[in-house]
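A short write-up of the structure that comes next.
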Amino acid sequence: MNVPTIRGIAAGVKRFMAVDSDNTELLRAQLNALSRLIPLLYFILVANAWVMALTFWGKAPDWLSLYVAMALSAVCAFRLVQWWRRKGVAVTDRQAVRELRRTNKISAVLGVLFPAWAIALFPYGDAYAQSYVGTFVTFAMLSSMLCLIHLRSAAVIVALTVSIPFAAFYASTGIPTLIGTAINLLLVTVGVVIVILIQYRDFTRMVEAQKRTEMLGNENLRVANLDSLTDLPNRRAFFAHLEQTLDVAKAGRARLALGIIDLDGFKPINDLYGHAVGDRLLVAVAERLATLCPSDTFFVSRLGGDEFAYVVANAPDNDALVSQGQAIVEMLRAPFPLPDVTVQVSGSVGIAVYPEMAGDADLLFERADYALYHGKGMKRGGAILFTADHEAQINNDARIEQVLKGADFEQELSVVFQPIVDTRSQATIGFEALARWRSPTLGQVSPGQFIPVAERTGMIGMLTRPLLRKALAAAAKWPEGIRLSFNLSAYDLSSPESALAIVAIIENCPFDSRLLDLEITETAFTHDFGQVQRSIEMLRLLGCGISLDDFGTGYSSLSRLHALPLTKIKIDRSFVTGLDKSPASFKIVKSLLALSRDMGLDCVIEGVETGGEVAALRRLGGLMVQGYFYSAPIREEEVLPYLAGPVERRRAS
């Protein structure tokens, strides 16, 4: 056998007998298993040692039979206590390696000492005592090997240090019975070693399987709490973190803030450029949000769609929180250069603070969401902190909701009409129907209060139908050619049943449907656009005009506008106020009017209140206007007298 082969065998034996210090999971599993079995091993060794000592007491010198037994027992007892105290105690990887290597060494030492002591006692005994020496060595060796089964090297060391020397000793006696015992001992040892190797292999495989299972479980847990698109924590992880952080804040009497971020203008980008660009935009937004603050105080996640949220632990004062929210808004307003296109969105932020405005996670989230909703309704692209005023508004909305649920809409709802005027002839060409509600419980309630509540609660359809019937019945009495504009909610178009109910009301009314303009807002596009499109096409078949209300304040894409059979747009009053004094407003209205002409759509300008605004609109070519300059909304019985009066008196009214 050449030298390289010998070296290879030696290296293999060395690896076989070494502790695998690179396998952390195996190290810990071995140490845990041994901590349960080795105390039993030392108990067996001590018990057998004292049986051996008593067997040779009085036959062998006391120092050999008793004192050596005491010394061996003391060593075993010391190690037993060490292992017993280590049971269930966490150790480092380095400590585990050191303990397992120490076990190998002690196994070798005790594997030599116990058989040597037995051999030293052998000459002092009679035939029965000498035969017991073999029994003692065999029991001690087998129990040690079985208790060390999870540490292959230690078990093999015991087998080698005990069986070979003792078998050689028995064979050297020349006694046939002892020679047979020696051969039997070797055969049993080989068999037990094979069993131990098989069990150790299965043990290591089990540890590896547990490791893979744990890794898979951790990965599943990670995936379950991670947004797959942006790699931010998802909704589940957000609420788990919120609960945990809130518990810490309660224990430490600290403030905690929750912010909800909603992108303004994301849907049109998604519609115009496709979902791939929309997804890349969300990833870019997530990357910006992730760089905001240290992770130990600022936790940001994606709730879903274009909605994100964050938690601020140890929150600063309210002004700082609003400033932080405004910084987020400003950061989102910067253009996003994507691989194929550069896009721009904005964001709105709603913020709520514990403990001032909420005492638990659900309420905190609801109030941040309300602040967001309120902020988007008042002015998009800002950061709104939930305040006591919002809480009062919530209570008021809740009261309105309760009264709405029990209201008799046929009796309590009414319609007023605001004129739409042709600026060239100063003639009234139509009226917009506006809802009014006088509740026996609440009195006169502003549409700005009850309409949003009805939309939020899904009750708006119950209001739309009686209002439409009343408006059509009133318009049927008007002079020929006067148009009626009526507002539909997005919910009125979002299902076939709602749309068919609107169609049935129009068909059953004597008013000419070709003079009816149904107004929708751009919020309808946030619903099922396909269904909205089908509903509008159904209404167009009746001859109704379709107006896009509050044009310019939403975020609908031009592709969506072209996909709908619109006949008219209405420019929101926010662009008209101070038009004659604001160059920016002048340019915006000029652009919107040019866009309407290019699209072949009529245009109505809302909210005209001064003569200067009317004059500016005439210069821009604005032909149809409505607003308090001409008339406030009037009751049904006032419409015919209004139409019969002179234009000057109408403006004065």
(message) Take Asp580 and tell me if it is among the acidic types (Asp, Glu) and surrounded by fewer than 17 Cβ atoms within 10 Å (Cβ to Cβ).
(response) yes
(message) I'd like the residue in the stretch 243-267 that is part of a strand (DSSP E or B) and not hydrophobic (A, V, I, L, M, F, W, C) and, out of all such residues, is surrounded by the most Cβ atoms within 10 Å (Cβ to Cβ).
(response) Gly259
(message) Filter the stretch 579-619 down to the residues that are over 20 Å from Asp549 (Cβ atoms) and of a type in the set (A, V, I, L, M) and list them by number.
(response) Ala584, Val614, Ala615, Ala616
(message) Just to be sure before I move on: is Leu80 free of Cβ contacts under 8 Å to residues at least 60 places away in the same chain, farther than 17 Å from Leu148 by Cα and of a type in the set (A, V, I, L, M) in the structure I sent?
(response) no
(message) Could you check the stretch 404-435 and list, in sequence order, the residues that are in contact with a Pro (Cβ under 7 Å, 6 or more places away or on another chain) and of a type outside the set (Ser, Thr, Tyr)?
(response) Phe409, Glu410, Leu413, Val416, Phe417, Gln418, Phe431, Leu434, Ala435
(request) Report, ordered by the first and then the second residue, all pairs with beta carbons closer than 8 Å, sequence separation of six or more or different chains, a first member in the stretch 365-378 that is more than 11 Å from Asp262 (Cα to Cα), and a second member that is polar (S, T, N, Q) and part of a helix (DSSP H, G or I). (result) His374/Gln393
(request) Please give the number of the condition Met538 fails out of (1) at negative phi; (2) not in a helix (DSSP H, G or I). (result) (2)
(request) Spot the failing condition for Asp369; the list is (1) acidic (Asp, Glu); (2) within 21 Å of Glu243 (Cα to Cα); (3) modelled with pLDDT under 90, and only one is missed. (result) (3)
(request) Determine which member of the set Asp93, Asp126 is surrounded by fewer than 19 Cβ atoms within 10 Å (Cβ to Cβ), of a type in the set (D, E, K, R) and under 15 Å from Asn32 (Cα atoms). (result) Asp93
(message) As an exercise: evaluate Phe239 against (1) under 19 Å from Leu372 (Cβ atoms); (2) surrounded by fewer than 20 Cβ atoms within 10 Å (Cβ to Cβ); (3) modelled with pLDDT under 90 and give the number of the one condition it does not meet.
(response) (3)
(message) Can you find, within the stretch 507-531, the residue that is surrounded by the most Cβ atoms within 10 Å (Cβ to Cβ) among those that are closer than 18 Å to Ser489 by Cβ and at pLDDT 85 or above?
(response) Leu518
(message) Within the stretch 268-316, take every residue that is assigned to a strand (DSSP E or B) and among the aliphatic types (A, V, I, L, M) and give me the one that is farthest from the chain's Cα centre (by Cα).
(response) Ala313
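Within the group Asn270, Asn234, which residue is buried (at least 19 other Cβ atoms within 10 Å of the Cβ) and more than 21 Å from Asp340 (Cα to Cα)?
Values: Asn270 fails: more than 21 Å from Asp340 (Cα to Cα).
Just a single option satisfies the conditions, and that option is Asn234.
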(request) From the list Ser73, Ser144, pick out the single residue that is without any contact (Cβ under 8 Å) to a residue 40 or more places away in the chain, in a helix (DSSP H, G or I), out of contact with any His (no Cβ under 8 Å at 6 or more places or on another chain) and of a type outside the set (Asp, Glu). (result) Ser73
(message) Yes or no: the stretch 428-441 includes at least one residue that is under 44 Å from the mean Cα position of the chain (by Cα), assigned to a helix (DSSP H, G or I) and surrounded by fewer than 20 Cβ atoms within 10 Å (Cβ to Cβ).
(response) no
(request) Quickly run through the stretch 327-385 and pick out the residues that are part of a loop (DSSP other than H, G, I, E, B), more than 24 Å from Glu287 (Cβ to Cβ) and of a type outside the set (Gly, Ala, Ser). (result) Pro355, Glu356, Met357, Asp360, Lys379
(request) Could you list all residues from the stretch 380-404 that are farther than 27 Å from Glu330 by Cβ, in contact with a Ser or Thr (Cβ under 8 Å, 6 or more places away or on another chain) and either loosely packed, with under 11 Cβ neighbours inside 10 Å or charged (D, E, K, R) (or both)? (result) Glu401
(message) Please verify whether Tyr124 is among the hydroxyl-bearing types (Ser, Thr, Tyr) and either modelled with pLDDT under 85 or not assigned by TED's automatic domain parsing to the domain that holds Cys76 (or both), treating the condition exactly as stated.
(response) no
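Taking the stated definitions as given, is Gly217 at pLDDT below 85 and either within 30 Å of Pro335 (Cα to Cα) or not in a helix (DSSP H, G or I) (or both)?
Taking the combined requirement at face value, the residue does not satisfy it.
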(message) As an exercise: evaluate Ala499 against (1) outside any helix (DSSP H, G or I); (2) within 21 Å of Leu541 (Cβ to Cβ); (3) of a type in the set (A, V, I, L, M) and give the number of the one condition it does not meet.
(response) (1)
(request) Could you figure out which of (1) out of contact with any strand residue (DSSP E or B) (no Cβ under 7 Å at 6 or more places or on another chain); (2) exposed (fewer than 14 other Cβ atoms within 10 Å of the Cβ) isn't true of Gln444? (result) (1)
(message) Any residue in the stretch 191-213 that is in the same structural domain as Ala159 (by TED's automatic domain parsing) sitting within a Cβ distance under 6 Å of a residue that is in a helix (DSSP H, G or I) and among the small types (Gly, Ala, Ser)? List the pairs, counting only those 6 or more apart or interchain.
(response) Val193/Ala159; Ile196/Ala155; Val207/Ala29
(request) Answer yes or no as to whether Ala471 is touching a strand residue (DSSP E or B) at 6+ places or on another chain (Cβ under 7 Å), buried (at least 21 other Cβ atoms within 10 Å of the Cβ) and outside any strand (DSSP E or B). (result) yes
(request) Six or more apart or on different chains, Cβ under 6 Å: which pairs go from a residue in the stretch 26-41 that's within 12 Å of Trp84 (Cβ to Cβ) to one that's surrounded by fewer than 23 Cβ atoms within 10 Å (Cβ to Cβ)? Could you list them? (result) Ser35/Trp83; Ser35/Arg86; Ser35/Lys87; Ile38/Trp83; Pro39/Leu80; Pro39/Trp83; Pro39/Trp84
(message) Go through (1) touching an Asp or Glu at 6+ places or on another chain (Cβ under 9 Å); (2) without any contact (Cβ under 8 Å) to a residue 24 or more places away in the chain; (3) not acidic (Asp, Glu) for Asn487 and report which single condition fails.
(response) (2)
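Per-residue answers, yes or no, for (1) farther than 15 Å from Thr245 by Cβ; (2) surrounded by fewer than 21 Cβ atoms within 10 Å (Cβ to Cβ); (3) not assigned by TED's automatic domain parsing to the domain that holds Thr297:
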| position | (1), (2), (3) |
| --- | --- |
| Gln324 | yes, no, no |
| Ala327 | yes, yes, no |
| Pro335 | yes, yes, no |
| Pro339 | yes, yes, no |
| Gly359 | no, yes, no |
| Asp362 | no, yes, no |
(message) Just to be sure I understand, how many residues within the stretch 145-175 are modelled with pLDDT of 85 or more and exposed (fewer than 14 other Cβ atoms within 10 Å of the Cβ)?
(response) 2
(request) Confirm whether Lys87 is assigned by TED's automatic domain parsing to the domain that holds Ile175, closer than 24 Å to Leu160 by Cβ, loosely packed, with under 14 Cβ neighbours inside 10 Å and not β-branched (Val, Ile, Thr). (result) no
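The values are calculated or read from the model by the stated rules, or taken from the named source; none is laboratory data. None of these values were measured; they are calculated from a predicted model. Here Cβ is always computed from backbone atoms with ideal geometry, including for glycine, and neighbour counts include all displayed protein chains.
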